[in-house]
Amino acid sequence: MSRYERSQELYRRACELMPAGVNSPVRAFRSVGGEPIFIERGLGCEITDADGNRFVDYVGSWGPLILGHARIEVVEEVAWTAAAGLSFGAPCSQEVELAELVTGAVPHLEMVRFVSSGTEAVMSAVRLARGATGRDAVIKFSGCYHGHADHLLVSAGSGLATFGTPSSAGVPSSFAGHTIVLPLDDEEAFLGLMEDRGQEIAAVIIEGVPANSGLLVQRPDFMRLLRSECTRYGALLILDEVITGFRLGTNGAAGYYGIEPDLATYGKVIGGGMPVGAYGGSRELMEQLAPLGPVYQAGTLSGNPVAMAAGAATLRILLADGGAAYSELDRLGATLEKGIAGVFAKHDVPWSVVRIGSILWLALQEGEAPRRFESIRPEAAEVYAGLHRALLERGIYLAPSVYEVIFVSLAHDAETIEETVKAFDEAVEEIA
Ligand SMILES: *Cc1c(COP(=O)(O)O)cnc(C)c1O
């Protein structure tokens, strides 16, 4: 009898009803083999599946759950707010509270607008950039994922890389034609393009720290060059902080690199596990949005009280004591990094751990940590599949794709991390 009997039964039913049984492709376990596990509940750093198997969770709902699962302050806030009505489609106090928290923490945000996903945030920010500049072209970097809006679904990392699809069917080439893709970490390519076409560029968009195709930490000089060239040619710099916003620190990747984008996009952590996205920038830019300005963007459930309450409860904890939570997250991340790197060294495998704060990535390849998508070795996927299975057996739940990162939360205590490292030791022993 399988220990995943109930999950398997649910999966069979799901596959009849939803493509591959899932509502987001990477969840389907295609790139690591096996079948997805159906999760029934989570508390702290642990999740329990439909068969009662327990796992230490390093996915954290793909980034949002920086406080761990079902953190009491968040759950209580959500429950109280929900009891007073789920949505009104009219302004509510919770929007004002979350907007105050967000703009109070991030110096370059004078105003924000809330939406319901990271995809929507980025799509809207790009529209705003085009509306404000009167230009069409957008520069993105290969391996960066910015959600599934048509014109950004070009060379976009994990979900797509995993399936070997360079871009999606159903995207007219004329849409993608406004998107210029450059390699990360390549000053020359970027400078050359700006010299040729700088006047046509509405926006340059980059992930705060690219974390959807491994973890491609960029050099501060490269980020600063993007900033200065955008200023020079009148293009807007959009920093996609959907993963890094309120994950790397109170001012996300902008704070880490010391740059000020014109527009920044948020999702994941900002909603504390509820569907929330946001984009923001200067008052002048944001007042281009309808109903004040000509750029249209709207949403039936945007800023709904329950989602706003979850976000606000999460940010209040993260922003308390001058952002003390981030030192703790960094400490936990460092402990896990050191432990796993020690295991790799002990078993003499040429792998490494890349880390920034509480985001880690297993670089299952030789050599320096890659800074470009093109430097990631696709062969690593096979090794990862073996490692993923061996860890799952030992109660450690990693994202089911080699391109995905590990998220540490405040609920991962030292003892759990020690257990995780022990599981890695056994798993690497088994597969190496
Ligand atoms: C997840 C992600 C998005 C898309 O957010 P969704 O909420 O999944 O639509 C956009 N940009 C980045 C950097 C992301 O990691």
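Quick notes on this one:
- Spin-label model, K338/K422: points 7 Å from Cα along the beta carbon direction are separated by 1.9 nm.
- Hydrophobic, long helices, defined as DSSP H runs whose alpha-carbon span along the helix axis is 18 Å or greater and whose mean Kyte-Doolittle value is at least 0.5, occur in the chain at 305-346.
- The stretch 401-432-the stretch 30-74 distance, computed between alpha-carbon centres (Å): 14 Å
- Between E110 and A149, the modelled label-to-label distance comes to 2.2 nm, taking each label 7 Å out from Cα in the direction of the beta carbon.
- Taking the Kirkwood radius as Rh and the Cα radius of gyration as Rg, the stretch 273-432 has a ratio of Rg/Rh equal to 1.09.
- Cβ-based charge dipole, the stretch 73-321, positive-most Cα from L318, V102, V115: V115
- For the stretch 73-321, the fraction of alpha-carbon pairs in successive 10 Å shells from zero, as %: 8, 33, 36, 19, 5, 0
- The DSSP beta bridges internal to the chain are antiparallel in roughly 60% of cases.
- Under 18 Å from the Cα of K422 - lysines, other chains or at least 8 residues apart: K338, K346
- Between the stretch 297-354 and the stretch 105-120, the Cα center-to-center distance that results, in Å: 19 Å
- For the stretch 73-321, the residue among G303, T244, V209 whose Cα projects farthest onto the positive side of the dipole built from Cβ charges is G303.
- Across the stretch 142-152, coupling constants 3J(HN,Hα) worked out from phi with the 6.51/-1.76/1.60 Karplus curve, θ = phi - 60°, read 5, x, 7, 9, 10, x, 9, 4, 2, 6, 10 Hz, and Gly and Pro carry x.
- Only Cα pairs under 8 Å and 6+ residues apart enter the sum, and on that basis the relative contact order of the chain stands at 22 percent.
- For the chain, the Cα-based Rg and Dmax, in that order, read 21.1, 65 Å.
- Efficiency of FRET from Cβ geometry, E5 and E430, R₀ 30 Å, rounded to 0.05: 0.80
- Scattering profile of the stretch 371-431 at q = 0.29 Å⁻¹ [log10 I(q)/I(0), Debye over alpha-carbon scatterers]: -1.24
- Residue-averaged 222 nm ellipticity for the chain, from DSSP H runs of 4+ at -39500 (n - 2.57), nearest 500: -12500 deg cm²/dmol
- Relative contact order of the stretch 73-321, taken over Cα pairs closer than 8 Å and 6 or more residues apart, is 31 percent.
- Potential lengthening between A82 and D196 on full extension [0.36 nm per residue; Cα-Cα distance subtracted]: 35.7 nm
- Simple spin-label estimate for A90 and E368 in nanometres, 7 Å along Cα-Cβ: 6.0 nm
- Within the chain: Cβ-based charge dipole about Cα centre, in debye rounded to nearest 20 (Lys, Arg +1; Asp, Glu -1): 640 debye
Every number here is computed from the coordinates shown, using simple stated rules; none is lab data. These numbers come from a predicted model, not from an experiment. Cβ coordinates were reconstructed from backbone atoms using ideal geometry, including for glycine residues, and neighbour counts include every protein chain displayed.
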